[in-house]
Structures are given as structure tokens and as C-alpha cells.
Amino acid sequence: MHITARADYAVRAVVQLASLQPDSATRQQLAEAQDIPGKFLETILGDLRRAGMLDAQRGATGGYRLTKPPAEITLADIVRATEGPLAAVRGMPPEDTVYPGPAEPLTRVWVAVRASLRDVLEATTVADVIADQLPDHVTALQARPDSWA
């Protein structure tokens with residue numbers, strides 16, 4: 001699994017916004033706080049706004065604000081809003097892949113990979129990240145020595 005800069009920046013921007021609630025933040029404030037290129041962040045914020053996660057207000061007191069409480073926004077929601085499906089194989093859902101001969105079991109492997117991503121990203125909310133209280137199974141995964149290698 002490759003976590004793109006786009007997905008990483010999107011999660012960081014939403015976490016930063018959530019930490020400021022109920023206040024809003026401008027694109028520039030978010031970019032500076034999380035060291036994200038401003039123009040790239042502008043596109044990401046547009047994706048998050050279209051997905052219904054953010055509201056934007058123009059003007060001197062304007063900025064971006066979350067539309068839902070941080071406890072109701074999962075990391076999977078953010079990744080899907082900016083990248084699309086959590087796991088795709090050559091642009092297809094894993095269950096739609098078909099392989100001949102000895103490679104046939106790979107369909108089930110890719111489906112399992114998607115399920116494992118869901119187990120982490122759908123269980124972890126923005127509120128969990130802000131509170132540094134990750135779900136127990138996520139903490140257990142990252143505590144394994146092989147996770148860091």
C-alpha cells in the first residue's frame with residue numbers, strides 16, 4: 001500500500017482543523033501549520049469540501065471548518081474523499097480481478113488487503129488521532145517490532 005502525499009496531507013489538514021474547533025482556519029494557516037504546499041492543499045481542500053467534510057467561508061473572518069465532529073470522521077473517509085477507493089487493483093475493485101492458473105488465489109489476497117486497510121482506517125477517527133488514543137487493535141499492530149521495519 002502506497003500512502004500518497006495527497007492522502008497524507010488531507011489527513012493532516014483535517015486533524016489540524018479539528019484541533020482548532022470551533023474556530024476555522026485559512027488555507028495558508030493550515031499549510032503553514034502542517035508544512036503542506038499551499039497550491040496542493042487548495043486542491044485537497046476542494047476535494048474535502050465536495051465530499052461534504054468541510055465548509056468554506058470567504059471574507060476577512062473566513063476559512064475552513066469541519067462539517068461533522070472529529071469523532072464522526074474516520075481516516076478512511078478522508079482517504080476516500082481525496083483518493084477514491086482504499087484498495088484497487090489496476091483501477092478495479094479487488095473482487096473484480098480474475099487471474100488464470102496458479103495466480104487465481106491473488107483475488108482473495110487483494111480482498112484481504114482491502115479488509116485489513118479498512119480494519120485500521122475505518123476504526124480510527126480524527127478525534128482518536130487528536131487525543132492520541134488509537135483503537136486497541138491499531139496500537140497492537142504498531143507495537144509489533146516488524147511493523148517498524
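The values are calculated or read from the model by the stated rules, or taken from the named source; none is laboratory data. Computed from a predicted model, the values in this text were never measured in an experiment. Here Cβ is always computed from backbone atoms with ideal geometry, including for glycine, and neighbour counts include all displayed protein chains. Keep in mind that these areas ignore ligands, DNA and RNA; they rest on the heavy atoms of the full protein, side chains included. Shrake-Rupley method; radii C 1.70, N 1.55, O 1.52, S 1.80 Å.
Points worth noting:
- Only one of the numbered conditions (1) touching a residue at least 40 places away in the same chain (Cβ under 8 Å); (2) more than 26 Å from residue 116 (Cα to Cα); (3) out of contact with any Ser or Thr (no Cβ under 8 Å at 6 or more places or on another chain) is not met by residue 69, and that is (2).
- Candidates are the residues of the stretch 94-149 that are polar (S, T, N, Q) and surrounded by fewer than 16 Cβ atoms within 10 Å (Cβ to Cβ); the one that is farthest from the chain's Cα centre (by Cα) is 147.
- Failed item, numbered, when residue 66 is tested on (1) modelled with pLDDT of 95 or more; (2) in contact with a Leu (Cβ under 6 Å, 6 or more places away or on another chain); (3) more than 14 Å from residue 12 (Cα to Cα): (3)
- One residue stands out among those in the stretch 19-66 that are in contact with a Ser or Thr (Cβ under 9 Å, 6 or more places away or on another chain) and among the acidic types (Asp, Glu): the one that is least open to solvent (accessible area, probe 1.4 Å), which is 47.
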